[in-house]
Structure formats: C-alpha cells, structure tokens
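The values are calculated or read from the model by the stated rules, or taken from the named source; none is laboratory data. Everything numeric in this text was worked out from a predicted model, so none of it was measured. For neighbour counting, all protein chains shown are included, and Cβ atoms are generated from backbone atoms with ideal geometry for every residue, glycine included.
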Amino acid sequence: MKQELLNDFDITGFQESLVSWFLENQRELPWRESRDAYRVWVSEIMLQQTRVETVIPYYQAFMREFPTAEALAEAEEERILKAWEGLGYYSRVRNLQSAVREVVEKYQGRVPDTRKEISSLKGVGPYTAGAILSIAYGKPEPAVDGNVMRVLSRVFIVEEDIAKPATRKIFETILYDLISKEDPSAFNQGLMELGALICTPTSPGCLLCPVRAYCRANQEGIQSQLPIKSKKKKQTMKHMAAVVVKNQAGEILIEKRPEKGLLARLWQFPNIEVTDQVNHQIALSDFLEKEFDLKIEVQNEVQKVEHVFSHLIWNITVYEAVVINETKKRSGRTFKWVKRNEIEEYAFPVSHQKIIQQTLFVN
C-alpha cells in the first residue's frame with residue numbers, strides 16, 4: 001500500500017514546503033526552547049490527550065520543580081502527583097517517573113537515542129519514542145499522533161479507520177520515506193502543527209495550507225470527509241454521594257483511593273455510589289460508621305459536581321457532615337484528618353478539587 005500511495009508523489013517538494021512553513025510560523029512554546037531529551041519527553045507525555053494551552057503552565061511549573069531527570073527520579077510520589085494535579089490521566093506521570101528512574105540508573109541520566117532502547121521504557125509508545133528521537137536527537141523516526149494521521153489521511157486519501165492500530169502502521173510506514181532526512185525535527189513538528197492549526201478536524205483551512213498543492217483530498221474536494229474514525233462507545237453515567245466530614249477541632253476527613261485503577265492513590269472525600277432509591281444521607285452515615293468507625297450527622301446537600309472522563313461520567317452530590325461521637329479519633333495509612341489550610345498539600349482529582357474550592361473555600 002505504501003508504494004501505491006507514494007506513486008507520483010513529490011516527496012522533496014512536500015518536505016521543503018512543510019519544513020519552511022513550520023520554521024517561519026511555529027508557535028512559541030516553552031518546550032521548544034530546548035532540545036534536551038528529558039524536557040521533550042516531559043512535554044510529550046503532558047500533551048497526550050491534553051490541549052496545548054492547558055499544558056503550558058503545568059510544563060513550566062513542572063520544569064521548575066523537576067528540572068532534570070535526576071530531580072524527578074528522586075522525588076516522592078506525593079510531590080509529582082501534586083505537580084500533575086488537574087492534568088488527569090495520572091498513570092502518565094507515574095509511568096514517566098518509573099521510566100526516568102530507569103534512565104538515571106541504567107543510562108546515567110541520558111535518555112537513550114535508539115528506538116529499541118527508548119521503546120523499552122515504561123509508558124513510551126511508538127509516538128513518544130518517535131517524537132523524542134526526532135526532536136531531541138534529529139533522527140528520521142516517525143511520530144504518528146492524531147494530528148499527523150488526520151493530515152496524512154487527507155494528503156494521501158487514506159480511507160482506513162484511524163482508530164485501528166493497523167491504520168497507524170500504514171502512516172508510520174509512509175513516514176519512513178516521507179520524513180525529511182535533513183531536518184526530521186522540523187518535519188515532524190510541522191506535521192503536528194499543521195494538524196493543530198490548519199488541517200483541523202472540522203472546517204480545515206485549506207487556503208492557508210503550505211502543502212495544499214500536494215493534498216489529494218483537497219484536489220478532489222473531499223477533505224472534510226476524512227479521516228474515517230469509528231465512534232467511541234457511549235460514556236457510562238455513575239451517580240455518587242460524597243461527604244465533607246468535620247470533627248470538633250475543625251479538621252476534615254480525607255481518604256486515599258486504591259493502589260490501582262482509576263485515579264489510583266490520589267486523595268478524595270469519602271464517597272459511595274448511589275441510586276435514586278437510596279437515601280444519600282443515611283447511606284453515607286452507614287458507610288462512615290462501617291469504614292471509619294465514625295458516627296456522623298449528615299447535613300443538607302451543598303453542591304453538585306459533574307466530571308467527564310473519556311469513558312465515564314461522575315455525577316456527585318456533595319454533603320457536609322459533623323462528627324457526633326468522637327470517642328476515638330483514628331487515622332490510618334489510607335485516611336487522615338487534616339486542617340483546612342493543609343488540604344491543598346494533597347493531590348486530589350479534579351472532581352474533588354471542585355469540592356475543595358466551592359465547599360471548603362467558598363468564604
């Protein structure tokens with residue numbers, strides 16, 4: 001299929017047009033200030049499934065706190081989770097730290113520069129490997145993300161479903177021939193930039209496109225019909241009740257999520273899954289007595305929070321409560337009492353950050 005797609009295609013002209021456009025029009029982004037492989041790596045992990053505008057302040061703060069691979073490798077998990085708080089997909093930063101530790105121990109802190117070695121690191125898939133190798137080390141390795149697949153599906157009229165791994169392989173194969181050997185960094189970043197700014201999912205700005213002359217979909221007027229992508233499964237709705245419990249000293253009860261699974265090891269307010277048939281206040285009281293050996297008085301509802309994941313929607317009804325029987329105050333490895341001014345030292349999921357901001361710090 002590769003040869004068929006590249007037949008009569010002006011590879012050199014495409015490369016020159018794309019690279020020239022990128023070098024003249026690239027956005028000023030903090031991770032483009034250095035080609036240090038560690039910094040490129042951090043930025044690429046942050047940018048997975050996250051908008052550039054969102055990532056910029058996180059990247060800058062993260063680099064101030066963990067400026068080197070050694071600094072990140074030595075950091076406590078609680079610190080890195082706090083630095084990542086709000087970016088979501090927390091397994092990304094855990095895998096990043098695990099892989100960085102391997103780089104420090106096995107490669108003396110230098111990120112490996114071969115696809116085989118770099119791909120063996122935890123959390124480094126084909127795209128991230130290609131991005132680091134091309135941007136940091138100038139190696140002609142493909143880096144295929146959603147933006148790149150959209151651009152190339154239009155340029156070559158690829159009508160395969162881009163949600164399928166086999167389709168990604170088609171683009172990777174094409175790119176080994178298509179990528180600029182003189183400046184693979186600018187070429188790969190140019191493809192990503194083109195997809196982000198001009199060759200957008202809807203209403204692509206073809207009149208502004210530097211490679212319009214090479215785009216077969218544009219020539220046939222079918223650019224808006226590409227790429228082909230199967231629809232995601234509908235998100236599951238989960239109804240929950242959460243409670244902000246205060247003791248007589250004004251401290252607040254927080255608990256740590258399980259070791260594995262969604263939002264693993266982040267802190268949260270005690271909560272349960274509920275249905276419309278259940279009295280939330282009674283259910284929360286029973287839960288706190290059983291799990292924390294606490295008798296509480298659950299007060300009125302104070303807030304509703306909705307948080308959308310890629311596969312799941314949390315609908316959380318929030319209550320406040322006070323402890324009415326505090327004969328033995330306990331803390332444990334997975335839960336603790338904290339003062340209100342200490343709570344922001346702990347990493348919470350976005351949904352529970354909303355509770356902190358609107359319920360605890362509303363005044």
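Okay, residues lined up against (1) under 17 Å from Ile355 (Cβ atoms); (2) of a type in the set (Lys, Arg); (3) at pLDDT below 95:
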| site | (1), (2), (3) |
| --- | --- |
| Asn247 | no, no, yes |
| Glu251 | yes, no, yes |
| Gln268 | yes, no, no |
| Val278 | no, no, yes |
| Ile296 | yes, no, yes |
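Return the pair list, or none, for Cβ contacts closer than 7 Å from residues in the range 63-84 that are aromatic (Phe, Trp, Tyr) to residues that are assigned to a helix (DSSP H, G or I), at least 6 apart or on different chains.
Close Cβ pairs (under 7 Å, with a partner that is assigned to a helix (DSSP H, G or I)) amount to Phe66/Leu72; Trp84/Val93.
Is there any pair linking a residue in the range 39-62 that is closer than 22 Å to Arg110 by Cα to one that is polar (S, T, N, Q), with Cβ under 7 Å and at least six apart or on different chains, and which?
Taking only residues 6 or more apart or on different chains, the pairs are Glu44/Thr128; Ile45/Thr128; Tyr59/Ser43.
Go through (1) in contact (Cβ under 8 Å) with a residue 40 or more places away in the chain; (2) charged (D, E, K, R); (3) within 30 Å of Tyr214 (Cα to Cα); (4) assigned to a helix (DSSP H, G or I) one by one and return the number of the condition Arg27 breaks.
With (1) in contact (Cβ under 8 Å) with a residue 40 or more places away in the chain; (2) charged (D, E, K, R); (3) within 30 Å of Tyr214 (Cα to Cα); (4) assigned to a helix (DSSP H, G or I) applied to Arg27, the lone miss is (4).
Determine whether the range 337-347 contains at least one residue that is surrounded by 17 or more Cβ atoms within 10 Å (Cβ to Cβ), under 19 Å from Ala241 (Cβ atoms) and either of a type in the set (Asp, Glu) or not assigned by TED's automatic domain parsing to the domain that holds Tyr89 (or both).
no
How many residues, within the range 273-320, are buried (at least 18 other Cβ atoms within 10 Å of the Cβ), aliphatic (A, V, I, L, M) and within 20 Å of Ile252 (Cβ to Cβ)?
Here the count works out to 8.
Residues of the range 168-186 being surrounded by fewer than 20 Cβ atoms within 10 Å (Cβ to Cβ) and either of a type in the set (S, T, N, Q) or not assigned by TED's automatic domain parsing to the domain that holds Gln15 (or both), which ones?
The one that is surrounded by fewer than 20 Cβ atoms within 10 Å (Cβ to Cβ) and either of a type in the set (S, T, N, Q) or not assigned by TED's automatic domain parsing to the domain that holds Gln15 (or both): Thr173.
Taking the residues in the range 147-167 that are surrounded by fewer than 23 Cβ atoms within 10 Å (Cβ to Cβ) and of a type in the set (Gly, Ala, Ser) as candidates, determine which candidate is farthest from Asp8 (Cα to Cα).
Ranking the qualifying residues of the range 147-167, first place goes to Ala163.
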